[in-house]
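Notes follow once the structure below has been shown.
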Amino acid sequence: MRKIIVLIILFSLLLSSCVFSINIPVKPLPGKNATSTPTLVAANEEKDDPGESLPEDDPTHTPTTVPDMPTDTPTPVPLVINPLTGLPVDNPDCLNNPPAVISITNFPASARPQAGLDYASIIFEAWIGEGDTRFLAIFYCDFPQENSIDHSALVPHAAIGPIRSGRIWYEDIRELLNGFIIMASAWSGVSSNLSDYANIFGSDSGNINSAMIDVTKIEEISKSVQNRLGKFSLEGNVFDENPPDGGVPGESVWIRYALLNQVLWRYREDSGAYHRFNNDTQTGTTFTEATDRLNSNPLTYENVIIMFADHHALDVAYIDIDFVGVTRPALLFRDGRMYEIQWTTVNGEYEQQTGKRRPPRFIDKEGNPFPLKPGQTWVMVVPSYTRYYETLDSENIIQMLNNETPGSGHWAVVFRAPVVQK
């Protein structure tokens with residue numbers, strides 16, 4: 001009996017010295033290790049937290065696996081920024097195509113609402129004589145698309161216009177942007193001073209507002225002239241979402257070009273932009289918010305700039321403007337503030353090395369770049385001698401002309417036509 005007990009004890013000790021080993025598969029890591037042989041880990045191997053060893057035939061056992069772990073951290077794709085707006089572009093390749101510089105009518109008022117202004121990167125508005133101003137709209141990458149327009153509105157497809165005749169100062173803007181002009185012809189004395197332009201004529205000889213250009217046609221022209229115009233740079237301005245320090249309140253700015261040609265810009269906090277209002281061309285006493293014909297959106301611009309420039313009236317309707325090689329004052333309206341700054345096109349290192357030009361750069365009085373707000377910019381060009389002041393918050397021309405109100409934040413810019421040079 002004693003021998004039997006001893007044998008039982010010895011047999012128990014022999015069993016306790018045995019170790020059962022099982023292999024737990026480890027999933028391969030993605031990337032360069034995806035095809036490597038799985039690492040096998042033995043159960044009961046010493047670890048910080050070994051857990052409990054279970055036999056392979058335990059029906060409750062679930063094999064432990066190491067979760068997928070990336071071997072490399074993905075590199076963020078850098079945003080490609082439109083140098084004219086400070087905003088990202090969806091198709092970076094379009095930045096290689098020269099910008100379109102398009103002459104768009106403002107008078108007669110029957111041309112309103114114009115088509116495509118809601119998509120322009122920059123719009124220059126300048127005096128062309130006899131009470132009228134005209135728009136030179138810069139389209140660079142951000143063209144209207146078919147799926148972004150209201151086909152039930154005034155146009156059946158994505159087009160820009162109405163297109164009107166060229167002006168002599170267009171060549172300076174074209175050269176500064178290394179672009180091409182689209183216009184509805186021009187007087188021979190003007191066209192002889194322009195280069196790289198395409199003429200678009202109306203579809204109805206009896207309708208002065210019938211000249212429109214399809215967006216697809218603009219993009220075709222841009223690609224076709226790319227090699228001839230060569231490489232270019234539109235860099236030079238800086239953008240910052242946060243308003244810079246300084247400045248004064250700038251809730252609105254009213255520009256009087258003529259009794260029947262007044263523009264009122266009002267800042268709205270909800271959009272973070274200035275909304276354009278035109279006065280009526282019958283009495284000049286009421287203002288209506290401007291919209292885009294393609295989508296009925298209000299015309300809103302993050303930056304409104306009053307650009308002071310030297311005008312030369314060679315005739316009543318033949319006005320030249322100095323845009324190249326100068327530094328002049330400007331007023332920048334952004335974020336409900338007004339800043340007295342400067343604009344310059346004086347040659348720098350880039351111009352000297354390449355023989356090309358760049359768009360107007362906006363700087364402070366010490367010559368440092370002054371930040372625009374990312375978005376679109378509308379530039380109102382006025383003669384260098386133009387007077388500006390703070391006035392009442394009003395839409396009454398008499399009140400705005402005759403009431404200087406320092407500190408109101410509502411600005412008046414009163415245009416006086418340049419005298420015709422004899």
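Taken together, the values in this text are just the output of simple stated rules run on the coordinates, not laboratory data. These figures come from a predicted structure and were not determined experimentally. For neighbour counting, all protein chains shown are included, and Cβ atoms are generated from backbone atoms with ideal geometry for every residue, glycine included.
Side notes on the structure shown:
- Counting other Cβ atoms within 10 Å as a rough exposure proxy, the listed residues 204, 364 run 204, 364 from fewest neighbours to most.
- Near residue 313, once Lys and Arg are set to +1 and Asp and Glu to -1 for all other residues with Cβ below 12 Å from its Cβ, the sum equals -2.
- Part-to-part distance (alpha-carbon centres) for segment 91-115 and segment 284-320, which is given in Å: 13
- Here each label is just a point 7 Å from Cα along the line to Cβ, and for residue 315 and residue 269 those points are 5.2 nm apart.
- Near residue 398, once Lys and Arg are set to +1 and Asp and Glu to -1 for all other residues with Cβ below 14 Å from its Cβ, the sum equals -1.
- Charge context of residue 295, other residues only, Cβ under 9 angstrom, K/R +1, D/E -1: -2
- Annotation for segment 316-373: trypsin sites (Lys or Arg not before Pro) lying in DSSP loop with at most 15 further Cβ atoms inside 10 Å of their Cβ are 356, 365.
- Placing unit charges on the Cβ atoms of the charged side chains and taking the dipole of segment 94-414 about its Cα centre, the candidate lying farthest along the positive direction among 200, 135, 374 is 200.
- Highest-first arrangement of 311-320, 410-419, where packing means the average Cβ count within 10 Å: 410-419, 311-320
- Theoretical gain in end-to-end length, residue 157 to residue 235 [0.36 nm per residue, Cα-Cα removed]: 24.8 nm
- Cα-based shape type of segment 94-414, given that a ≥ b ≥ c are square roots of the gyration tensor eigenvalues and the cut on a/c is 1.5: rounded
- Paramagnetic label zone (point 7 Å from Cα along Cα-to-C-beta, residue 393; backbone N under 16 Å) in segment 320-341: 336-338
- Taking 0.36 nm per residue of sequence separation and removing the Cα-Cα distance, the residue 90/residue 403 pair yields an extension gain of 108.0 nm.
- Sparsely packed loop sites in segment 307-385 (the GluC sites (Glu not before Pro) outside DSSP H, G, I, E and B with at most 16 other Cβ atoms within 10 Å) comprise 366.
- Most to least packed among 106-112, 212-218 [average Cβ atoms within 10 Å]: 212-218, 106-112
- Projected label distance in nm at residue 289 and residue 204, using a 7 Å step from Cα toward the beta-carbon: 2.9
- Taking other C-beta atoms within 10 angstrom as a stand-in for reagent exposure, 185, 224, 252 fall in the order 224, 185, 252, fewest first.
- Hypothetical label at residue 248: residues of segment 382-419 whose amide nitrogen lies under 12 Å (7 Å Cα-Cβ projection): 388-391, 404-412
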